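Have a look at the structure below, then the notes.
Computed from the coordinates by the stated procedures, all read-outs in this text should not be read as laboratory data. Please read these numbers as outputs of a predicted model, since none were measured by experiment. Neighbour counts are summed over all protein chains in view; Cβ atoms, including those assigned to glycine, are modelled from backbone coordinates with ideal geometry.
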């Protein structure tokens, strides 16, 4: 029985296998180091199949990043929607990252790795990465506004919370800090407390 919605022999099934193989390798090894040949071996397809679905390696990189963005957004949406209050929803984001940092599948941030390797040398990839960051900042801002915070303050604080998560990501990857997300939440809670968004009883 196939593990995806497509049979292994279908064109769409092979495309999915290539995409999953690329994501697995990019996440663990990097983007530019991984060759198309390595991807096709990992996917169990021919090189012609890879290029049939992805004309260039950069096309495959862009698609892998876009798919990863959608996956994370879907999982975060589920975590957020499971909570009732804006504060609990914000906390759920940090809890999700805490689980990620402590999972066996954590090998750092695919987005940070891509930004470091491409350094604005590929417009489509750069735009994807910027859109992902903007989306996260916007999500924080909207949650803060839904809790009664003024839009200007919420926008600024939303960017700050994103920076705290980015720092936690670096700590988790480079320093093997398994408490990074929890420490970032502690700093966040102090910021929210200072803005009157939560009280000491919320700790």
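General remarks:
- Size estimate for the chain follows the Kirkwood approach: the inverse of mean 1/r over distinct Cα pairs works out to 18.5 Å.
- For the chain, a Gaussian network of Cα nodes joined below 10 Å ranks 108, 148, 30 by mean-square fluctuation, and the top entry is 148.
- Ranking of 193, 144 by count of other Cβ atoms within 10 Å, fewest first: 193, 144
- Taking every C-alpha pair closer than 8 Å and separated by at least 6 residues, the mean separation divided by the residue count of the chain gives a relative contact order of 18 percent.
- Cα gyration tensor shape for segment 111-203, rounded if a/c is under 1.5, else prolate or oblate: oblate
- Calculated FRET value between residue 66 and residue 190, using beta carbons and R₀ = 35 Å, to 0.05: 0.50
- Rg to Rh quotient for segment 95-153, alpha carbon positions, Kirkwood Rh: 1.09
- Exposure proxy shown here: for 125, 29, 90, the number of other Cβ atoms within 10 Å sets the order, fewest to most, as 29, 125, 90.
- Inter-site label distance for residue 82 and residue 51 at 7 Å from Cα along Cβ, in nm: 4.5
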